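Below you'll find the structure, written out as structure tokens, and then a few comments.
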Amino acid sequence: MTTQKSVNDPVFARRESEARSYCRSFDTTFASAQGSIMTDTTGREYIDFLAGCSSLNYGHNDPDMKAALVDHIAGDGIAHGLDLHTQTKADFLEAFESHILAPRGMDHRLMFTGPTGANAVEAAMKIARKVTGRTNIIAFTNGFHGVTMGALAATGNGYHRGGAAMDTQGVTRMPFDGYAEGVDSAALLEQMLSDASGGIDAPAAILLETVQGEGGLNAASAGWVRRIAEIAKAHGALLIIDDIQAGCGRTGTFFSFEEMGVTPDIVTMAKSLSGFGLPMALVLVRPERDVFGPAEHNGTFRGNTHAFVTARVAIEKFWSDKAFEEELAHKATLITTGLQQLADMIPGAKLKGRGLMQGVDVGSGELAGEICARAFEQGLIIETSGAEDEVVKVLAPLTTTDAEFRKGFDILTGAAASILETTKIAAE
Ligand SMILES: Cc1ncc(COP(=O)(O)O)c(C=O)c1O
């Protein structure tokens, strides 16, 4: 029997590590969830504009994925199979090939890594280094790629890198698109790489997110990404696109780069890949770059059999035709409209991001945090992002209904209005 824990049950504070994070902002005890609604143990409902940080793009407990998984378990389907051939893996590979890769003309192979995004990034960086015999990887300001040592070196955020308590190595950081006003950062990279005294070792790879999820929803332009792809090619480096947060439909298309005219050598994926919140990560790698020998990037949990079941359903249900993508374009517009209302309330505030990963830079982490905290009191789960946590960031499930979006934005703008009013009264 499980006992229902109350909000104030001290077991979390008593026993859970100080490393816990999201639960500090959303201090209740959650019990169940369906679609875009989470319910706590007191029965209170919350609209979820966080979606497991983009791990629940199709909402909580999608009924078709749930039914397929329940059937699989009830039929004693394989639960863990190392990387043995299983029917569920074959079915997932077939679906991914026919609905995702083939229509986009991608010849990439799928390499299953350990189940976290960070592990996929580690594998991608290792592949690039193995292919080129070079160490250096170019990563960008405000990039976030995970917190294991290799991925952490590529992560800009100093707080996270500080957690390593030692030097992180093998990465040169360059300004992302739009980072320094008036600076063409692609031209700068090209110039420094081409200059024998530019001080940058020949790179194994250039690693980027097309929209920096944790780094403040900085969206690179298609032209910038294309130029970076050309620079990578000209300098013998692999192009790695980290689509762990921006992929699986988050920007409005399955991959975040698919309308940019680039073909990355490597794509990293995790988060919403399983469709159901189950851990699974992979590296998509062009066949000529598929250089690891058997078990060279080993791991007990490479490919999660339950995730194969739900991921196959997710792909067949949402990506076998254009209908879902069309809905996403409509929802992206709804989000822009909702966030514009918020931005209009705050002098100097700016819209950030694109597709269904948009937010508002409200100018300070303190204000963004207060708005999100007030929104949570009113029943909306929403988080911040950016170097100073200054961006109020919407990462709602892509399946969120128009009515839920409207209700969520009402709560958000109401929360902002009440915070701004309190600040104004305090200043008077
Ligand atoms: C773009 C990007 N890459 C990598 C990661 C790391 O993934 P994980 O937390 O599953 O290790 C994240 C996590 O937020 C991410 O947003």
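Here Ala396 passes the criteria (1) outside any helix (DSSP H, G or I); (2) closer than 11 Å to Leu342 by Cβ except the one numbered (2). Looking at segment 116-165, the helices (runs of 4 or more DSSP H) lying wholly inside it that each contain 1 or more residues that are open to solvent by 10 Å² or more (accessible area, probe 1.4 Å) and away from the ligand (no atom under 15 Å from the Cβ) sit at 117-132, 158-162.
Listed by first and then second residue, the pairs with beta-carbon distance under 9 Å, at least 6 apart or on different chains, first residue in segment 45-61 and of a type in the set (S, T, N, Q), second open to solvent by 10 Å² or more (accessible area, probe 1.4 Å) and away from the ligand (no atom under 16 Å from the Cβ), are Asn57/Phe318; Asn57/Thr399; Asn61/Ser32; Asn61/Ala33; Asn61/Gln34; Asn61/Gly35. Residue count for segment 140-173, restricted to those that are farther than 20 Å from Lys130 by Cα and under 21 Å from the mean Cα position of the chain (by Cα): 16.
Evaluate the following for Glu366: is it open to solvent by 30 Å² or more (accessible area, probe 1.4 Å), in a loop (DSSP other than H, G, I, E, B) and at pLDDT 95 or above? Criteria not met by Glu366.
Here is a yes/no grid of residues against (1) within 16 Å of Phe112 (Cα to Cα); (2) within 15 Å of the ligand (Cβ to nearest atom); (3) in contact with a Ser or Thr (Cβ under 6 Å, 6 or more places away or on another chain):
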residue: Ala237; (1), (2), (3): no, no, no
residue: Gln245; (1), (2), (3): no, yes, yes
residue: Thr253; (1), (2), (3): no, no, no
residue: Ser256; (1), (2), (3): no, yes, yes
residue: Met269; (1), (2), (3): yes, yes, no
residue: Leu273; (1), (2), (3): yes, yes, no
residue: Gly277; (1), (2), (3): no, yes, yes
residue: Ala295; (1), (2), (3): yes, no, no
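Are any of the residues in segment 399-411 farther than 18 Å from Ser36 by Cα and not in a helix (DSSP H, G or I)?
Among the residues of segment 399-411, not one is farther than 18 Å from Ser36 by Cα and not in a helix (DSSP H, G or I), which makes the answer no.
Counting only residues that are touching a strand residue (DSSP E or B) at 6+ places or on another chain (Cβ under 9 Å), more than 16 Å from the ligand (Cβ to nearest atom) and of a type in the set (Val, Ile, Thr), segment 181-227 holds 1 of them.
The values are calculated or read from the model by the stated rules, or taken from the named source; none is laboratory data. Quick caveat: nothing in here was measured; it's all calculated off a predicted structure. Note that we place each Cβ from the backbone using ideal geometry, even for glycine, and neighbour counts take in every protein chain shown. These accessible areas exclude ligands, DNA and RNA; they are computed on the full protein's heavy atoms, side chains included. Shrake-Rupley method; radii C 1.70, N 1.55, O 1.52, S 1.80 Å.
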